[in-house]
Amino acid sequence: MRTQPKGGGWLEVVCGPMFSGKSEELIRRLRRAEIAGQRALVVKPVIDDRYDVGHVVSHAGAKMRAVTATTPSEVQRLAQGYDAVGIDEVQFFDEGIIDAIDELVRRGARVVAAGLAQDFRGLPFGSMPTLLCVAEFVDKLEAVCHRCGGPATMTQRLVDGSPAPFEGETIQVGALDSYEARCRACFEPGEDASRVLPVTLIHSGRV
Ligand SMILES: [Zn+2]
């Protein structure tokens, strides 16, 4: 069991690809905080309206009441007075979320931020690199590769069954028909991706 910081707040980041159970883990942690008698709140970006605007719902069906916010300052305002604050799909907020979370932690809140570490191109997603860097605790969850059944760390975006073009829109919250969890070996970069991939990957014949 982890030793929790004494006398102050802290940041926990739960990351991974789609279908890795991030929301499930967020809900589990916030539920436990509630059971422990803490004031707990879950915030999610307005963009994530997959299932239910008033709740955060995991792919596996776990559900917890949530409020929506459009900006980091709104997250900060909504979270005032709460002991434990869960932020789902944190990668969709602009970079102001870094300072907003920092401020909440400084005021003594435990913040649990869940989000995609990589976008569908396999590139770091939004503010996630910084949040992962400054967090006290980090958990990277794996999904199951849709192709080979191995541990999946990447999100494959498909458009009409083919890998999405590299230049496609980053933000699109979808379901099984347009996104798959893939391992690195089964991940198919979209068109034009080779020009930005590390030379070592290209030379190794993996792309
Ligand atoms: Zn695979």
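The values are calculated or read from the model by the stated rules, or taken from the named source; none is laboratory data. Here the structure is a predicted model, which means the values were calculated and not measured. Neighbour counts run over all protein chains shown; Cβ positions are idealised from the backbone, glycine included. Areas reflect the complete protein model, heavy atoms only, side chains present, ligands, DNA and RNA absent. Shrake-Rupley method; radii C 1.70, N 1.55, O 1.52, S 1.80 Å.
Looking for something at pLDDT below 95, open to solvent by 60 Å² or more (accessible area, probe 1.4 Å) and within 16 Å of the ligand (Cβ to nearest atom) - is there at least one such residue anywhere in segment 194-206?
Checking segment 194-206: at least one residue is at pLDDT below 95, open to solvent by 60 Å² or more (accessible area, probe 1.4 Å) and within 16 Å of the ligand (Cβ to nearest atom).
Which numbered condition trips up residue 130, out of (1) within 21 Å of residue 31 (Cα to Cα); (2) polar (S, T, N, Q); (3) in a helix (DSSP H, G or I)?
In the conditions (1) within 21 Å of residue 31 (Cα to Cα); (2) polar (S, T, N, Q); (3) in a helix (DSSP H, G or I), residue 130 misses (1) alone.
Can you name the number of the only condition in (1) outside any helix (DSSP H, G or I); (2) touching a strand residue (DSSP E or B) at 6+ places or on another chain (Cβ under 9 Å); (3) within 26 Å of residue 94 (Cβ to Cβ) that residue 27 fails?
All conditions pass for residue 27, except number (1).
Step by step: first the residues of segment 139-153, then only those that are open to solvent by less than 80 Å² (accessible area, probe 1.4 Å) and touching a residue at least 40 places away in the same chain (Cβ under 8 Å), then the one that is nearest to the ligand (Cβ to nearest atom). Which residue is that?
Step by step, filter segment 139-153, then rank; the result is 145.
Within segment 137-151, identify whether any single residue is in a loop (DSSP other than H, G, I, E, B), modelled with pLDDT under 80, farther than 30 Å from residue 99 by Cα and touching a strand residue (DSSP E or B) at 6+ places or on another chain (Cβ under 8 Å), and answer yes or no. Please lay out each step first, then the result.
Of the residues in segment 137-151, the ones in a loop (DSSP other than H, G, I, E, B) are 141-142, 145-150.
Pick out the ones that are also modelled with pLDDT under 80 and you get none.
No: zero hits.
Could you list, in sequence order, all residues of segment 129-146 that are under 16 Å from residue 20 (Cα atoms) and not acidic (Asp, Glu)? Walk me through it before giving the result.
Taking segment 129-146 first, the residues under 16 Å from residue 20 (Cα atoms) are 138-146.
Result: 138, 140, 141, 143, 144, 145, 146.
Among the residues of segment 53-102 satisfying the criterion of being open to solvent by 20 Å² or more (accessible area, probe 1.4 Å) and in contact with a helix residue (DSSP H, G or I) (Cβ under 6 Å, 6 or more places away or on another chain), which is nearest to residue 19 (Cα to Cα)?
In this case the residue turns out to be 60.
Report yes if residue 119 is over 22 Å from residue 76 (Cβ atoms), open to solvent by less than 20 Å² (accessible area, probe 1.4 Å) and either within 16 Å of the ligand (Cβ to nearest atom) or within 12 Å of the chain's Cα centre (by Cα) (or both), otherwise no.
So residue 119 passes the test.
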